[in-house]
Amino acid sequence: MKHPLDPLARRVEDDPAFLGCLLRLYAQSEGLAEERLVEVLGCQRDTLNLLRLCRAPAEEARAFQKGVEEISRTFTVHPDALADVLRRGQALIQLSRPGPSQGTLTAARDAAIPTEDKR
Amino acid sequence: MKNPSQQSPQCLPNREQELELHRRLVAGDCTASAELAQAFFNPLIEWLVRHNCRLEEDLCNAAAVEALYALMKNPRSYDPCREKAIGLFGYLQLSAQRDVQNLLRQERRHQRARKTWESVEQSPLAEKYLGREEDPSLPLQRKESAQWAAAHVLPAVRAGLTPTELRVLDLLLQGERKTAVYVEACGLGHLSIPQQRALVKRLKDKLNQRIKRTKSGHEASS
């Protein structure tokens, strides 16, 4: 079924500044379909696009925690599950980047990532 | 120009809500971009469709996506002091309308660059038109001729060409006439203009000869 915000949610899926990118990478790494991702996050399907359109929280621990709590509270998502999903997504972005810091699993934001594995 | 916010739907956030949402966007609030999309995406599409009634809805959709994404990425592009008269939705309307124009321009460029049957007709591959110019069957004959050339002659012409020659062939088939385009495609920009012209001409002549020979061979055998 088509959801009203689908086109905009798809637009942010390649941009690590948005949750859409992190959620996509997490789902790909786990081989999850959208329905299963919704279950993991403990949210409604209609909420998923709004989550995708949120800005990714900063990587620094306190800011990350604050961001996760704010998003969880606003869109009624399980905070621990969301934190796990986002951390994995950030790590995958970092791993996908070439350069000396590759493999350090440091979270990162705001740069283009390869899209050849996009669904 | 008429102030676009005068045509805004009633359900939109009021001025104070717009300002607060924009302040949160600028501050990097994680949920503000989602709330912005929730509040403005559909009204923006509706407005674009109403004001561009001759355009396809997909194009209006794409323009709304681009306008909102641009603001989400760079919220400071809207200055509430400078754009006080139009408000945030008015700003999005103007931005999306510009995106509509940009998308239309891109579409036109794309249409021009497309390799159409007509361009193949005009290429050296198509010369065997039998009817008079006013013959109503001429367009069909041309189309069939172009299809025959594309199916039988082109693969044989392409075989064995270098990547540069293939690029030149594609340009010939598109009906390109500007030497500068060939120069760029062949990477000859470092040469003097007379040298560029000579090399481009040599390449084009070589390919035209090859096309004629291949076509003659196919016509003789068919």
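Every number in this text was worked out from the coordinates using simple rules, so none of it is lab data. Given the structure is predicted, the values throughout are model-derived calculations rather than measurements.
Brief remarks on what is shown
- Segment B:23-116: relative contact order in percent, alpha carbon pairs under 8 Å with at least 6 residues between: 30 percent
- Vicinal HN-Hα couplings computed from phi for segment B:210-215 (Karplus, 6.51 cos²θ - 1.76 cosθ + 1.60; Hz; Gly/Pro x): 4, 4, 4, 5, 5, 5
- Given B:Lys178/B:Lys204; B:Lys178/B:Lys212; B:Lys178/B:Lys215, the pairs whose alpha carbons are separated by over 20 Å: B:Lys178/B:Lys212; B:Lys178/B:Lys215
- Amide H to amide H distances under 5 Å link A:Phe18 with A:Ala56, where only residues 5 or more positions off or on other chains count and H is placed in the peptide plane.
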